[in-house]
Amino acid sequence: MQITDLIRPNIRSLQPYSTARDEYEGELGIFLDANESPYDNGYNRYPDPHQKRLKSLLSPIKRVEMENIFIGNGSDEAIDLLFRIFCQPGRSNAISISPSYGMYEVAADTNDVKMRKVLLNDDFSLPVDRLLEAADSDSRLLFICSPNNPTGNAFPREEIERVVRGFPGIVVVDEAYIDFSDEPGMLPVLSEYPNLVVLQTLSKAWGMAGLRCGLAFASAEIIGYMNRVKYPYNINVATSAIAERLLSEPVAEHIRIIKKERRKLAESLADLPFVESVYPSDANFLLVKVRDANALYDYLIGKKIIVRNRDKVVLCKGCLRMTVGTPEENQRLITTLKEYEEKTSDC
Ligand SMILES: *Cc1c(COP(=O)(O)O)cnc(C)c1O
């Protein structure tokens, strides 16, 4: 498969905007080339359009070369760029597992691309054959979220690889929650698959949701197209500087606690009589099937505990999605749920 043949023709021939910093990359000198203010307040200069310092910190953490890394304004930017690079509006289609993260379909709709949603198997496992059968010659992107939101499970790498090998377009594996999983993820095999894009983010395990830093990993060719189509200064100076600082503060201990709390929380939830199922999770949340999801959701809101109601989502009828909080927050959740149990069994 030639990746170039999958690129929209107008993108293939796109002449990207060339910034002042693209044309002169030195660091020292009198900079009179970008019409910036010369008065230094910390933010008077445009950011590096290629985020070289941030990428140089991410590269050893992820064990991926800098030329294979894209940084966007959240994962949403990377998702939208992939549609704009690979899909012809009104003609191409994309495929996604379902249920999954809602942004894939929003980005498809925004770009006038039909999304073909392929239901997970009843046990939430990956329907490899049905995903491949959904493809035709206009299919350009296929989204697999692993660990999946909202079901929480990660898919075995061999199964994802079967999809990557069999799909005649770009397979996007969204690993927003991979740091909470015991699965290795797809980065170790990234270089084997020219049609693979892996998405990760600093929003979850790294605790930087407020900064908006999404990561994409792919061949240098695909990353090159993403760089050409993105806004030139998509990551601002403040975001880069704070992300660079926070990347040096280890999060392994937080991840360890969250995984331990996930197990404890799952056990406590499973003991409650109105809980019908706690699905296995490789993420920092639990999908929980309960007797009356809407009533329980409203009760928790009344107690100022906010979870996500997934009752209306396919295959998730009766389910609430609960993020693992601090040990104290999780204890409060369990205590409050036990009071609900007493209250409902009284009447
Ligand atoms: C939270 C989440 C992301 C991260 O989005 P950002 O825009 O990077 O904050 C990506 N994919 C999934 C499935 C998520 O749940």
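What follows is calculated from the coordinates using simple rules that are stated; it is not laboratory data. A quick note: this is a predicted structure, and the numbers were derived from the prediction, not measured. Neighbour counts run over all protein chains shown; Cβ positions are idealised from the backbone, glycine included.
Dividing the Cα convex hull volume of segment 87-205 by residue count, how many Å³ per residue is that? All intermediate terms of the calculation are to be shown ahead of the outcome.
Values: hull volume 11.9 nm³, N = 119.
Spread over its residues, the Cα hull of segment 87-205 gives 100 Å³ apiece.
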* Asked: For the modelled label position 7 Å from the Cα of Val314 along Cα-to-Cβ, which residues of segment 62-104 have backbone nitrogen atoms closer than 15 Å?
  -> 94-104
* Of Ala34, Gly210, Ala20, whose Cα points farthest to the positive end of the dipole of the chain (charges on the beta-carbon: +1 Lys, Arg; -1 Asp, Glu; origin at the Cα centre)? -> Gly210
* Asked: Helix 237-247: angle to the longest alpha-carbon principal axis of the chain, degrees 0 to 90, nearest 10?
  -> 60
* What percent does the relative contact order of the chain come to when contacts are Cα pairs within less than 8 Å and at least six residues apart? -> 17
* Percent relative contact order of segment 252-345, based on C-alpha pairs within less than 8 angstrom and at least six residues apart? -> 28
* Asked: ³J(HN,Hα) across segment 196-211 via Karplus (A = 6.51, B = -1.76, C = 1.60, θ = phi - 60°), whole Hz, x for Gly/Pro?
  -> 9, 10, 10, 9, 9, 7, 8, 6, 9, 4, 7, x, 10, 4, x, 7
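Could you rank the peptides 187-200, 243-256 by their average count of other C-beta atoms within 10 Å per residue, with the highest value first?
The packing order, highest mean first, is 187-200, 243-256.
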* In sequence order, calculated HN-Hα J values of segment 57-70 (Karplus, 6.51, -1.76, 1.60; Hz; x Gly/Pro) -> 7, 6, 3, x, 5, 8, 6, 9, 5, 4, 5, 9, 10, 10
* Structure fact -> Charge tally for neighbours of Asn330 with beta carbon under 12 Å away, counting Lys, Arg as +1 and Asp, Glu as -1, is +1
* **segment 180-260: chymotrypsin sites (Phe, Trp or Tyr not before Pro) falling in loop per DSSP and having at most 16 other Cβ within 10 Å** => Tyr233
* the chain: most fluctuating residue of Ile258, Ile95, Ile242 per GNM, C-alpha cutoff 10 Å -> Ile242
* To do: Put one equal scatterer on each alpha carbon of segment 1-86, apply the Debye formula with no solvent term, and list log10 I(q)/I(0) at q = 0.20, 0.26 1/Å to two decimals.
  => -1.18, -1.29
* Structure fact -> Other residues with Cβ under 11 Å from the Cβ of Val198 give, with Lys and Arg +1 and Asp and Glu -1, a net charge of -1
* **MRE, 222 nm, helices only [DSSP H, n ≥ 4, -39500 (n - 2.57), over the chain, to nearest 500]** => -11000 deg cm²/dmol
* Structure fact -> The distance between the Cα centres of segment 77-137 and segment 256-298, in whole Å, is 28
* To do: Take the Cα coordinates of segment 252-345, assign each an equal point scatterer, and use the Debye formula without solvent to give log10 I(q)/I(0) at q = 0.11 Å⁻¹.
  => -0.28
* Asked: How much length is gained if the chain between Glu339 and Ala252 is pulled fully straight, taking 0.36 nm per residue apart and subtracting their Cα-Cα distance, in nm to one decimal?
  -> 27.9 nm
* To do: Specify the residue with the greatest mean-square fluctuation among Ala20, Ala94, Ala134, computed from a Gaussian network of the chain linking alpha-carbon atoms under 10 Å apart.
  => Ala20
* Asked: Can you pull the percent of Cα pairs in the chain with separation above 28 Å?
  -> 48
* **Proximal lysines relative to Lys343, as straight alpha-carbon distance under 28 Å, when same-chain residues fewer than 8 apart are discounted** => Lys264, Lys289, Lys303, Lys304, Lys312, Lys317
* **Within a Gaussian network of the chain (alpha carbon springs, distance under 10 Å), most fluctuating of Ile144, Ile306, Ile85** => Ile306
